[in-house]
Amino acid sequence: MDSSPPTKRRRKTKSEGTNDKSSSSPVVVFAHGAGAPSSSDWMLRWKEMLKNALDAVEVVTFDYPYIAGGKKRAPPKAEKLVEFHKDIVKKTTDKYPAHPLILAGKSMGSRVSCMVAAEVDIDASAVICLGYPLKVHQLPFLPVFFLVGHGWSCAGRDSIATYCPCHVCTG
């Protein structure tokens, strides 16, 4: 029997695959709050924690136009940020079409993330709200995780309990 020499396997380089994660790993679009950009220490810490906790293929952060460029201005109403946010989401889902989409946000970014998730053309699997000012009357009909500190005055446990069951963790 003639046997051919073993073939050498060539390793893929990072540029040859879109990512090393399976298509079950989510992609997260994470929006900042009203007062600090995506480059703040808080956002960077949470970006890493979300990536690790969710085994995310990527956690995409961005700056809304009013805060980009380092000039501090008051944010516009959340409704005015939806289209910009949707553009970021669409670019992200174009890059990772087979991955579940999770929208996340800090405070105002949470509110805009919920508004974006409620849009007809956005197929989000879940929303993660890190401090959420409850003023939206129509929350999306998908899993929403609220993380609120006990001193958060914009949305206490009682406010959130009117929208969904609450589970309290102290510590």
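Throughout, read-outs are computed from the coordinates displayed, never taken from laboratory work. Fair warning: this is a prediction, and the values are worked out from it, not measured in the lab. All Cβ positions, even for glycine, are placed from backbone atoms using ideal geometry, and neighbour counts span all protein chains on display.
Of all residues in segment 76-91, those satisfying the criterion of being farther than 17 Å from Val120 by Cα and either in contact with a helix residue (DSSP H, G or I) (Cβ under 6 Å, 6 or more places away or on another chain) or part of a helix (DSSP H, G or I) (or both) are Ala78, Lys80. In segment 93-116 there is at least one residue matching the filter, namely being surrounded by fewer than 19 Cβ atoms within 10 Å (Cβ to Cβ), among the charged types (D, E, K, R) and either under 19 Å from Pro26 (Cα atoms) or touching a helix residue (DSSP H, G or I) at 6+ places or on another chain (Cβ under 6 Å) (or both). Looking at Ala34, Ala56, Ala68, just one residue is under 21 Å from Ala118 (Cα atoms) and either surrounded by 17 or more Cβ atoms within 10 Å (Cβ to Cβ) or touching a residue at least 12 places away in the same chain (Cβ under 8 Å) (or both), and that residue is Ala34. Taken together, the criteria place Thr93 among residues that are of a type in the set (Ser, Thr, Tyr) and touching an Asp or Glu at 6+ places or on another chain (Cβ under 8 Å). Out of Ala74, Ala56, one residue alone is over 13 Å from the mean Cα position of the chain (by Cα) and of a type in the set (A, V, I, L, M, F, W, C). It is Ala74.
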